[in-house]
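Heads up: the structure comes next, in structure tokens.
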Amino acid sequence: MRFARFILFALTAGLVLTGCSTRVEGAPKDDGRPTGRLTADALGDLRTINPCSLTGPFAFDDYGKAKMPADPTMDVCRITVTIDDADAVIELGLLQHVDALPSGRRDVRQLTRGATIAEVPTQISGACSMALLLADDTAMSATATAELLDTVPQETLCTLAQAGAEGIFDAVGNNLVRHWEPAHNSLARVSACGLLPADEVATLLGITGDRVSLYPAEHQCRWGRTGGDTATVKLDFPVGNSPTVAGVPDGIPSEPIAGRTTWVDAIGTSDLLVCTVVTEHIPFGLGRDLREYAALRVSVPASTGKDACAIGRDLATSAWAQLPARD
């Protein structure tokens with residue numbers, strides 16, 4: 001029933017969760033019905049996927065009512081589903097390499113064309129994460145989180161996450177994935193790893209230069225390995241209406257770095273120091289009143305004696321200089 005509703009919606013309305021009267025940016029990759037193993041090739045240009053074309057509002061009808069419009073970012077679509085009097089937020093579409101997923105995943109459904117849905121361990125309280133594993137070891141995530149802790153049962157969250165992953169499979173397998181056309185200077189066109197020289201990062205962090213992980217859509221890059229005793233850096237391109245979307249508190253003073261207004265915030269424990277460095281870019285082409293941001297997050301074990309924000313400012317000086325002009 002869910003699949004039939006999804007196809008009917010896509011063929012007759014041409015809409016996505018970004019609004020009942022809003023057409024999906026772009027067009028399907030082609031008009032054919034592909035067969036064979038389902039791989040990332042079916043997605044087209046990974047940098048410009050409209051993540052809210054990866055499912056339809058009917059995907060969650062069996063469990064609750066999806067609120068519209070949904071919220072697209074460069075990498076995920078955020079969908080709020082009301083179940084009785086509680087809300088759950090489903091984030092779906094993040095592309096990852098399977099070998100980068102947390103260990104301990106559990107297969108929950110074998111699909112056709114070499115695809116599988118697996119439950120993926122998460123450290124987020126009140127959340128359940130599933131991943132659609134494509135035949136070429138590319139993963140597309142679907143995570144359901146209770147908006148208020150303990151208001152949605154864990155079993156329901158997992159059911160919603162699986163429905164999201166199934167919706168992605170239906171969309172990808174039936175050539176319903178659409179793309180948007182970023183501005184010529186959009187961060188969507190930038191490879192995050194290309195903003196920083198690997199040797200410079202390795203020297204500042206005290207790690208080997210080969211510890212670099214680029215996400216498939218290239219909007220996120222990580223240097224170092226999380227959970228270890230060495231520093232790590234992540235650079236990504238969040239989307240929102242203020243720098244708080246990247247994790248900096250509202251109202252903190254800004255400072256200039258490489259000619260760009262920048263917000264720097266440090267938090268930490270006795271074991272770990274984290275510094276977030278954020279700059280604003282241009283309006284985001286897929287959402288109303290949203291802007292693109294570039295964000296660096298430096299995590300340093302306290303035992304190293306390194307200054308996380310000194311590293312962050314040094315790296316931002318290099319990275320911001322490589323960003324496209326905002327004009």
### Query
By how many degrees, between 0 and 90 and to the nearest 10, does the Cα long axis of helix 308-322 differ from the longest principal axis of the chain?
70 degrees
### Query
In what sequence do 237, 58 fall when counting other Cβ within 10 Å, fewest first?
58, 237
## Note on the structure
Summing -39500 (n - 2.57) over every DSSP H run of at least 4 residues in the chain and dividing by its residue count gives a helix-only mean residue ellipticity at 222 nm, to the nearest 500 deg cm²/dmol, of -5500 deg cm²/dmol
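For the range 83-179, take the convex hull of the Cα atoms, compute a quarter of its surface area, and give me that in nm², please. Don't skip to the answer; put the middle values down first.
On the way: hull surface 26.3 nm².
Result: 6.6 nm².
Can you sort 71, 199, 137 from fewest to most other Cβ atoms within 10 Å of each residue's own Cβ? Before the final figure, lay out the partial values.
Details: 71 21, 199 9, 137 14.
Taking fewest neighbouring Cβ atoms as first place, the list is 199, 137, 71.
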### Message
Once you place label points 7 Å from the Cα toward the Cβ at residue 154 and residue 82, how far apart are they in nm?
### Response
2.8 nm
### Query
So, in nm, how far is label residue 189 from label residue 304 when the simple model puts each one 7 Å beyond its Cα toward the Cβ?
3.4 nm
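Quick check on the exposure proxy: order 81, 248 from fewest to most C-beta atoms within 10 angstrom. All intermediate terms of the calculation are to be shown ahead of the outcome.
On the way: 81 25, 248 22.
The most exposed by this proxy come first: 248, 81.
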### Query
Where the centroid of each part is defined by its Cα atoms, how far is the range 264-327 from the range 170-199 in Å?
20 Å
### Message
Tell me the angle of helix 154-173 to the major Cα principal axis of the chain, expressed in degrees between 0 and 90 and rounded to the nearest ten.
### Response
80 degrees
### Task
Calculate, for residue 200 and residue 266, the FRET efficiency according to 1/(1 + (r/R0)^6) with r their C-beta to C-beta distance and R0 25 Å; round to the nearest 0.05.
0.75
### Residue with peak Gaussian network fluctuation, the chain [Cα springs, cutoff 10 Å], from 173, 206, 305
305
### Summary
Around residue 292 (Cβ within 10 Å, Cβ-to-Cβ, excluding residue 292; K/R +1, D/E -1) the net charge comes to +1
### Two-site label geometry, residue 46 and residue 65: point separation in nm, points 7 Å out along Cα→Cβ
3.8 nm
#### Entry: Of 320, 249, 115, farthest towards positive along the dipole that unit charges on Lys, Arg, Asp, Glu beta carbons give the chain
115
### Query
On the first, second and third principal axes, largest extent first, how far apart are the outermost C-alpha atoms of the range 187-322 in Å?
43, 32, 26
### Task
Determine, from the Cβ-Cβ distance of residue 255 and residue 35 and an R0 of 45 Å, the FRET efficiency 1/(1 + (r/R0)^6), rounded to the nearest 0.05.
0.25
### Query
Whole number please: convex hull volume per residue of the Cα set in the chain, in Å³?
140 Å³
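For residue 321 and residue 108, what is the calculated FRET efficiency with R₀ set at 30 Å and r taken between the beta-carbons, to the nearest 0.05? Write out the running numbers ahead of the final one.
Working: r = 46 Å, r/R0 = 1.52.
In this case the efficiency is close to 0.10.
We did not get these values from a lab; they are worked out from the coordinates using the rules stated. Nothing here was measured: the structure is a model prediction, and the numbers come from that model. Cβ: placed from backbone, ideal geometry, glycine included. Neighbour counts: every protein chain shown.
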